[in-house]
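Here is the structure we will look at, set down as structure tokens.
The values are calculated or read from the model by the stated rules, or taken from the named source; none is laboratory data. What you see is a predicted model; the values in this text were computed from it and never measured. Please note: Cβ atoms are built from the backbone with ideal geometry, for glycine as well, and neighbour counts cover all protein chains shown.
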Amino acid sequence: MRVRSFEELMLLPEELAVARYFDGVTWQRGRWFVGAYLFGSAIAGIVFAATGLDFRLWIALADFLVLAGFLLARRTRMVEETFRPILAALVALQFLATALWSTEAPPVLIFAFLPFPIVLLVLRFRPPESAFVVATLVAGTAGWFLAHESTMARAALLGVAVAAPASTAAVASARISLRQRKEFLDRWHRAVTRERERLRLRGELADARKIQLSMLPAGEPRIDWLELSGTCVPAAEVGGDYYDYIPLGGDAWAVVVADVAGHGVGSGLLIAGLRSSLYVLQDELRSPAAVLERLNQMIQASVRVRTFVTVAIAVIQHTEDGSGRLSVASAGHPPVLVRRGADGAVVEVGHPAPPLGTRLPTRYREETVDLTPGDVVLLYTDGLVEATDFRTECYGFDRLERALGRAVPSGEARSVRTHILEDVAHFKGQNQQGDDLSLVVARFRASVRQREPEPAMVDG
């Protein structure tokens, strides 16, 4: 008989859970009874063998084999399904064995009046099983006295006397079992309700996560003059980070990275609204500061709960002379980093400004720098620089700039992204991720402007 944990019982139907629970309670107590009688039958067998081979030796051996067989087979499915009836039969068998071993009346009466009523009280037998044990006690006691030339009246009287304490113990055990059954079912129903609610919420979060991931780019766009590679690693089922690549015609692309305060379903909903607004304002993205002004107004007008959203919009344009231009507007977001392909220097681009939704009077500004072939642009969320190691030390901006500077100068955008992620992972070690982490790497590679067809997406 295997004692099941409460977590396992929660997964069973109600009646089966009750049966398995009381099986476990009965076995926790009954194993001492079985073990004691197994030891007792072994000692009795040794004693009877020393005093002469008679029928009591064979009874002791048979009893020992039955109890040992039960212990060996207790984990089988057949025994588990009929555990308490089998244990009740073993209890009755032990009284009969005791009666057969005894040659005098006192041991029979002592065992009938003391140990077996206590066993009925302690073990959680159902009424039919308790009735079977009581009937065996009564019949065994009366039969022993009749076999030893007692009168029918005296044997019947002793049987009735034995029935009184045993029946009282059986009734008390049944009442205790009813109370424990009610307590167990109350606990079981509460746990099952909580588990079902947890599974429902988990399913909804999984659906929300799928929807949020579907809002991220499905792959990396094929652009002749620009490489793009990004990733988002949520800290929870639904994160508060977002990034996207938005085409602005053949000569320009907008790269957007956003971070909603916190994470969870609420953050995911706000991200969905932000993404929809960006695509509504797609034609205005060549002026990222103006778009941030519009987004700030939309969030203030539509979101009543105080919520902060940091956003960085980087517009990368391919100019007529084959060079590039980067225009950055930021709303409370970490600065955009540019690693120069010529000398590996890393510079910050973007004017600081409050996040969206603060309801503070502010004006967002753009900063524009030129790009040359080999220049790498990095946009990221604060989850990257705030990643901590086992000492709770943050990864920080300095490490990020050094990691970007160490990336292979001629490497593709994807390899730069991988290098930075590996550097953060090595720093963090086994420490748990505390915030969503996103980054986008853009590598300008054009020297001559080419007319590009509609972009195709490749897996990232």
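Tabulated values for the structure
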quantity: The listed residue being touching a strand residue (DSSP E or B) at 6+ places or on another chain (Cβ under 7 Å) and within 25 Å of ALA413 (Cβ to Cβ), out of ALA289, ALA329, ALA235; calculated: ALA329
quantity: Residue in segment 334-348 that is more than 43 Å from the chain's Cα centre (by Cα) and closer than 23 Å to GLN282 by Cβ present; calculated: no
quantity: Residue among GLU393, GLU386 that is in contact with a Cys (Cβ under 6 Å, 6 or more places away or on another chain), closer than 25 Å to ALA261 by Cα and either exposed (fewer than 15 other Cβ atoms within 10 Å of the Cβ) or not hydroxyl-bearing (Ser, Thr, Tyr) (or both); calculated: GLU386
quantity: Matching residues in segment 48-65 - criterion: being aliphatic (A, V, I, L, M), surrounded by fewer than 18 Cβ atoms within 10 Å (Cβ to Cβ) and modelled with pLDDT of 85 or more; calculated: LEU61, ALA62, LEU65
quantity: Qualifying residue in segment 16-33 (condition: more than 44 Å from the chain's Cα centre (by Cα), in a helix (DSSP H, G or I) and exposed (fewer than 15 other Cβ atoms within 10 Å of the Cβ)); calculated: no
quantity: Residue selected from segment 361-413 under the condition over 18 Å from GLY350 (Cβ atoms), of a type in the set (Lys, Arg) and at pLDDT below 90, by the criterion nearest to the chain's Cα centre (by Cα); calculated: ARG391
quantity: Count of residues meeting criterion [more than 13 Å from VAL256 (Cβ to Cβ), surrounded by 19 or more Cβ atoms within 10 Å (Cβ to Cβ) and without any contact (Cβ under 8 Å) to a residue 60 or more places away in the chain] in segment 291-305; calculated: 1
quantity: Qualifying residue in segment 306-318 (condition: at negative phi and surrounded by fewer than 16 Cβ atoms within 10 Å (Cβ to Cβ)); calculated: yes
quantity: Residue in segment 261-276 that is modelled with pLDDT of 80 or more, closer than 30 Å to ASP321 by Cβ, aliphatic (A, V, I, L, M) and in the same structural domain as VAL233 (by TED's automatic domain parsing) present; calculated: no
quantity: Index of the failed condition, THR358 passing every other in (1) surrounded by 16 or more Cβ atoms within 10 Å (Cβ to Cβ); (2) within 45 Å of the chain's Cα centre (by Cα); (3) closer than 30 Å to ASP224 by Cα; calculated: (3)
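Residues checked against (1) farther than 30 Å from LEU384 by Cβ; (2) modelled with pLDDT under 85; (3) under 33 Å from the mean Cα position of the chain (by Cα):
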residue: SER167; (1), (2), (3): yes, no, no
residue: VAL171; (1), (2), (3): yes, no, no
residue: PHE184; (1), (2), (3): yes, no, yes
residue: ARG202; (1), (2), (3): no, yes, yes
residue: LEU213; (1), (2), (3): no, yes, yes
residue: PRO217; (1), (2), (3): no, no, yes
residue: GLU227; (1), (2), (3): no, no, no
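So that you can scan it fast, the table gives a plain yes or no per residue for (1) within 38 Å of the chain's Cα centre (by Cα); (2) surrounded by 18 or more Cβ atoms within 10 Å (Cβ to Cβ); (3) in a strand (DSSP E or B); (4) at pLDDT 85 or above:
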{"residue": "GLY239", "(1), (2), (3), (4)": "yes, yes, no, no"}
{"residue": "TYR243", "(1), (2), (3), (4)": "yes, yes, yes, yes"}
{"residue": "VAL257", "(1), (2), (3), (4)": "yes, yes, yes, yes"}
{"residue": "ALA289", "(1), (2), (3), (4)": "no, yes, no, yes"}
